Amino acid sequence: MSIFRTKNLDAMVAGNRTAGGLKKVLGPMDLIMMGIGAIVGTGIFVLTAEAAQKAGPGMMISFVIAGAVCAVAALCYSELASMVPVSGSAYTYSYAVLGELIAWMVGWALILEYAVAAG
């Protein structure tokens, strides 16, 4: 038994079909708005005044750079979602590619990230 075992993509898709799965009711615009909401977050509303006091007009350049990085990250997630068409997000992607141990660490990192971000 290996801690780096992966699951076959065909088995993942077949398992998702037999479990019943959820109906796909969100359209492209719904998904785009959810993605933008998840990427932007609340930091843009909270830290803007403090950043403007320290960085001045250069803050706008940092927002443009951060927006470009977020766009690239969104493209990466869309590519992964088209390659692994099952629910589960980053945990499922890492489980399919890197193995069970890495997926376990990614899953806990996501839980900790969401707990800190909510606070």
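Please find the FRET efficiency linking ALA71 to MET34, where r is the Cβ-Cβ separation and R0 is fixed at 22 Å, and quote it to the nearest 0.05. According to the calculation, E is roughly 0.90. The base-10 log of I(q)/I(0) for region 21-89, evaluated at q = 0.29 Å⁻¹, reads -1.37 [Debye formula, identical scatterers on Cα atoms, solvent excluded]. Using 0.36 nm per residue and subtracting the Cα-Cα separation, the extra length available between MET105 and THR48 on full extension is 17.3 nm.
Read-outs throughout are calculated quantities, based only on the coordinates presented, and are distinct from any laboratory measurement. Since the structure is predicted, the reported quantities are computational estimates derived from the model, not experimental observations. For neighbour counting, all protein chains shown are included, and Cβ atoms are generated from backbone atoms with ideal geometry for every residue, glycine included.
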